[in-house]
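Have a look at the structure below before the remarks.
The values are calculated or read from the model by the stated rules, or taken from the named source; none is laboratory data. Since we're looking at a predicted model, the values are computed, not measured. Virtual Cβ from ideal backbone geometry, glycine too; neighbours counted across all protein chains shown. Ligands, DNA and RNA are stripped out before the accessible areas are found, and what is left, the full protein with its side chains, is counted by its heavy atoms. Shrake-Rupley method; radii C 1.70, N 1.55, O 1.52, S 1.80 Å.
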Amino acid sequence: MIPLPSLPAAHALVARSDLPIPAWLFAWAASGVLIVSFFALSLAWRKPRLEDERWRSRGAWIWRVAVSIPVQVLLGAVGVGLLGVAVYAGLRGTDAPDRNLALTFFFVTVWLGFPALSVVLGDVFRPFNPWRALGRVAGACAGSVGVRDIVRRHYPERLGRWPAAVGLVAFVWLEVVYGAGGVTGAGLSPHTVAVAALLYSGYTLAMMGIFGVDTWCSRGEVFSVYFGMFSQLGVFEAREGVLGTRRPLAAATLWASVPGSLAVVVASIGTTSFDGAQEGGSRGDLEEAVVAP
């Protein structure tokens, strides 16, 4: 058997606590709950129940204010400013992961905060999206000099949301695999995160220039697609300039109609499951199984 060196934690900020029950009992109980739930749903839920959205208008004036140019400029500027501060902190700040804003901002504030906000309030990431704000400004400047029509291309429908699915896996790989020292052995540093953010920004802005800002945000931009997926579970939605409410989960039945949407869902579930498994009690057994002759 090949000795395996101990690996550092995959996350920059990790907190552990002991279970109040044995780990094997927790695992069996969780598995039992899942199995019983699936059987119960297959027997009791035989007819579609979520297709009827029952959308109702709730406040046209609220949406008009939200999409007004001053508010859009302000929220976009906030998003760009926060991205800039986080990148600067990663490049010029301390190397200590627990004291650098970059890791906390990207992997806690944004990655964990926006899904929860999206389920409750809708697609709140859209107005704060820094790449969307920069892309719209760049598009306006390019259009004024006649460059936009030269580089603009039609987005292949068969690609759908596949670029977002691949990007989602890459983002989690950066945190969980590269950050675990699997590549360099040094762990995930704030400088690495800042460089990755700059590379992703360049790539995203280039794709927006080629396919259009709104098209790329709805198909290929990882965070817009990922957080937008969670917003389909909530009750708030804007239609034709009017803010309204719908039945919870109703919009989820329509979101997956775009090619690659299932890949985004599978990628989110798979990466989360891997993240939890490699931090769980079975990690040692898995490592022994891999290195055993």
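So the values come out like this:
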read-out	value
Accessible surface of ASP98 - all protein chains present, 1.4 Å probe, nearest 10 Å²	100
Computed lengthening from VAL71 to ASP98, 0.36 nm per intervening residue step minus Cα-Cα distance	6.4 nm
Spin-label model distance (nm) - ARG56 vs LEU159, 7 Å beyond Cα toward Cβ	4.2
Positive minus negative residues near GLY167 (Lys, Arg vs Asp, Glu; Cβ under 14 Å)	0
Rough spin-label spacing in nm, given labels placed 7 Å along Cα→Cβ, for SER257 and LEU25	4.9
Difference of contour (0.36 nm per residue) and Cα-Cα distance, LEU121 to THR215	31.6 nm
Rounded, prolate or oblate (a/c below 1.5 giving rounded, otherwise prolate when a/b exceeds b/c) for segment 61-141 by Cα gyration tensor	oblate
Residue-count net charge about TYR155 - beta-carbon cut-off 13 Å; Lys, Arg +1, Asp, Glu -1	+2
Gain on full stretching of the segment that runs from VAL85 to LEU112 - 0.36 nm per residue minus C-alpha separation	7.8 nm
Solvent exposure ordering (accessible area, 1.4 Å, most first) of TYR155, TYR178, TYR88, TYR203	TYR88, TYR203, TYR178, TYR155
Surrounding net charge for LEU117, when Lys and Arg each add one and Asp and Glu each subtract one, Cβ distance under 14 Å	0
